[in-house]
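The values are calculated or read from the model by the stated rules, or taken from the named source; none is laboratory data. Worth saying up front: this structure is predicted, and the values here are computed from it rather than measured. Here the Cβ positions follow ideal geometry from the backbone for every residue, glycine too, while neighbour counts run over all protein chains shown.
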Amino acid sequence: MAQQLSGPEALERHGFSSVPAITVRGFLAWGLSEVGEFEEAEMWARQGIELSGQVKNLFSTAIIQACSGVAYLRHGKIDAAFKQLQEGYALSREADSRSEFE
């Protein structure tokens, strides 16, 4: 799916709240890190972070930062994990994001 969301379509929302090309890469990074595929997980995380820098979608950016933070944490890269998780948290607080459950 992530490869289908490449090229010119990668930065489009396709009717979703987030940018699917970014969120898919985040969930791939997270999932791959859970099964020990750290190199591939980090590749997808980097791609998602790079794409998030090209769009103004706070939801997508927060998702990729959270997912990549978890992937780095699973790999034992605490500094990289902390950086991503801290940036995602700060972005969410700054945007005054609230879930529908609050």
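Could you tell me whether any residue of the range 52-64 is among the charged types (D, E, K, R), free of Cβ contacts under 8 Å to residues at least 60 places away in the same chain and in a helix (DSSP H, G or I)?
Just the residues of the range 52-64 that are among the charged types (D, E, K, R), to begin with: 56.
Among the residues that remain, those that are also free of Cβ contacts under 8 Å to residues at least 60 places away in the same chain are: 56.
Okay, now just the ones that are also in a helix (DSSP H, G or I), so none.
No: zero hits.
Of the residues A21, A29, only one is surrounded by 14 or more Cβ atoms within 10 Å (Cβ to Cβ), assigned to a helix (DSSP H, G or I) and modelled with pLDDT of 95 or more; which? If you could, list the steps in order and put the result at the bottom.
On the way: A21 fails: modelled with pLDDT of 95 or more.
After applying the criteria, what remains is A29.
Which of the residues that make up the range 44-72 are more than 15 Å from V19 (Cα to Cα) and either surrounded by fewer than 17 Cβ atoms within 10 Å (Cβ to Cβ) or among the charged types (D, E, K, R) (or both)?
R46
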